[in-house]
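These notes are about the structure you will find just below.
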Amino acid sequence: GENILSVNQLDRDSIEHIFSIAKKMEPYAKKQKRTQVLDGAILANLFFEPSTRTRVSFGTAFNLLGGLVRETTGMQSSALAKGESLYDTARVISAYADAVAMRHPDAGSVAEFATGSDVPVINGGDGPNEHPTQALLDLLTIDRELSRFGAGIDGMHIALVGDLKYGRTVHSLSKLLSHYKNIRFTMVAPDGLQMPQSILDVVDNAGHRIEVVSKMEGNLAADIVYQTRIQEERFPSQEEANKYRGGFRISQAIYDAHCKPSSVLMHPLPRDSRSDANELDNDLNNNDNLAIFRQVQNGVLIRMALFALTLGVENQVEKYEVEVPW
Ligand code: CP
């Protein structure tokens, strides 16, 4: 099977194919139906860096297709701590497992692992580099949210806000959006945390319009406002990260003053809920346009679709349906 390592592998047709399979997964994710299409298959869910939703949703997605999940969490609890190479780890794990989902702090690590694996490997985040499944779930969310207003991805206006330097999700999402048409990007980040030039070049080469700004005021009237966390763990020092704490908070008052009434608020999560950091204030929790928990639901659908596709069972999901006994 094919690996999913980078959004660079995807074009518009493949993205739309993944979305069509993801939408077919909804009744299974909602437990209105059950399938055993991956009966007996084993997912190795290898997370060498902290995660809540990516790890649990990869496992949940595999379980919802009838498969089994084994997992390891943290570098110290694995043999990587004893100096084992990613290649050897992959040779071992792929002898047990039928698919691998993996997160690791080093850029390129998941691709390196994949060189030793003969089963599909899906990247759950490799350091500051890429988070392709997050980008897909974000894009599916954008599509679904804008469709509520009769709009689509082509022609939209998106504001990316916060730590655009270290936030891998906005890098991967920007690359995916290069396959769409006539998008207006407002890159809202403090000086020092702006979007890397390499990503700006991808967006520019796609013919999109880009504004690079360093304050939120007057720059949030977009269809999608995508907020990010300051990625403290990737800064050279805590002091450097502290300079940016709390600088780019969006509260209901900021939303009312600077967003459109229909602006959809997104965030890859986790949001830092400490009172001096909160990037999306808790007072937005009842805002109908806060899409952060709908993003999470779409994540399960995307991961189910990717497992079905990489294991070649995307057309057999219905055939292996079983009764829901509860
Ligand atoms: N969005 C995301 O990657 O969250 P986790 O770090 O909890 O997996």
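The values are calculated or read from the model by the stated rules, or taken from the named source; none is laboratory data. Owing to the predicted nature of the structure, the values given are computational and were not obtained by experimental measurement. Neighbour counts are summed over all protein chains in view; Cβ atoms, including those assigned to glycine, are modelled from backbone coordinates with ideal geometry. Keep in mind that these areas ignore ligands, DNA and RNA; they rest on the heavy atoms of the full protein, side chains included. Shrake-Rupley method; radii C 1.70, N 1.55, O 1.52, S 1.80 Å.
The table below gives the values:
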quantity: Among Thr89, Thr169, Thr133, residue whose mean-square fluctuation peaks in a GNM of the chain (springs only between Cα atoms under 10 Å); calculated: Thr89
quantity: Among Ser147, Ser172, Ser117: highest mean-square fluctuation, GNM of the chain, C-alpha pairs under 10 Å; calculated: Ser147
quantity: Dipole-positive endmost among Ala159, Thr169, Pro27 within the chain (Cβ charges, Cα centre); calculated: Pro27
quantity: Orientation-averaged projected area, Cα convex hull of the chain (nm²); calculated: 16.9 nm²
quantity: Ellipsoid semi-axes in whole angstrom, largest first, where each is sqrt(5λ) of the Cα gyration tensor of segment 189-326; calculated: 34, 21, 18
quantity: Sparse-neighbourhood loop sites, GluC sites (Glu not before Pro) in segment 183-264 - DSSP loop, at most 16 other Cβ within 10 angstrom; calculated: Glu217
quantity: Full-stretch length increase - Asp88, Ala151 - with 0.36 nm per residue and alpha-carbon distance subtracted; calculated: 17.9 nm
quantity: Placed amide H near His157: partners under 5 Å, 5+ positions off or other chain; calculated: Arg184, Asp223, Ile224
quantity: Rounded to 5, the percent of DSSP beta bridges in the chain classed as antiparallel; calculated: 10 percent
quantity: Charge sum, other residues only, whose C-beta stays under 11 Å from Gln297's C-beta, Lys/Arg counted +1 and Asp/Glu -1; calculated: +3
quantity: Of Lys181/Lys260; Lys24/Lys181; Lys175/Lys215; Lys181/Lys215; Lys23/Lys260, pairs whose Cα-Cα distance is over 31 Å; calculated: none
quantity: Per residue accessible area of the chain, 1.4 Å probe, in Å²; calculated: 42 Å²
quantity: Over 26 Å [Cα-Cα, segment 1-160], rounded percent; calculated: 31 percent
quantity: Vicinal HN-Hα couplings computed from phi for segment 10-27 (Karplus, 6.51 cos²θ - 1.76 cosθ + 1.60; Hz; Gly/Pro x); calculated: 9, 10, 4, 4, 5, 4, 5, 5, 4, 5, 5, 5, 4, 5, 5, 7, 4, x
quantity: Net +/- balance of residues flanking His104 in space, Cβ distance below 10 Å, scoring K and R +1, D and E -1; calculated: -3
quantity: Rh (Kirkwood; distinct C-alpha pairs) - segment 98-206, Å; calculated: 15.1 Å
quantity: Rounded percent of accessible protein surface that carbon and sulfur make up, segment 155-199, 1.4 Å probe; calculated: 47 percent
quantity: Reachable lysines from Lys30, criterion Cα separation under 19 angstrom, eight or more residues apart if same chain; calculated: Lys319
quantity: Full-stretch length increase - Ser214, Glu26 - with 0.36 nm per residue and alpha-carbon distance subtracted; calculated: 63.8 nm
quantity: Sequence-distant aspartates and glutamates (8 or more away, or on other chains) whose Cα lies within less than 13 Å of Lys165; calculated: Glu130, Asp191, Glu232, Glu233
quantity: For segment 131-176 and segment 47-78, distance of Cα centres in Å; calculated: 24 Å
quantity: Per-residue ³J(HN,Hα) for segment 114-122, Karplus 6.51 cos²θ - 1.76 cosθ + 1.60, θ = phi - 60°, Hz, x for Gly and Pro; calculated: 4, 5, x, 10, 9, 10, x, 10, 10
quantity: Most to least accessible of Tyr96, Tyr180 (protein chains only, probe 1.4 Å); calculated: Tyr96, Tyr180
quantity: Per-residue ³J(HN,Hα) for segment 314-326, Karplus 6.51 cos²θ - 1.76 cosθ + 1.60, θ = phi - 60°, Hz, x for Gly and Pro; calculated: 4, 9, 10, 4, 5, 4, 9, 5, 10, 5, 8, x, 9
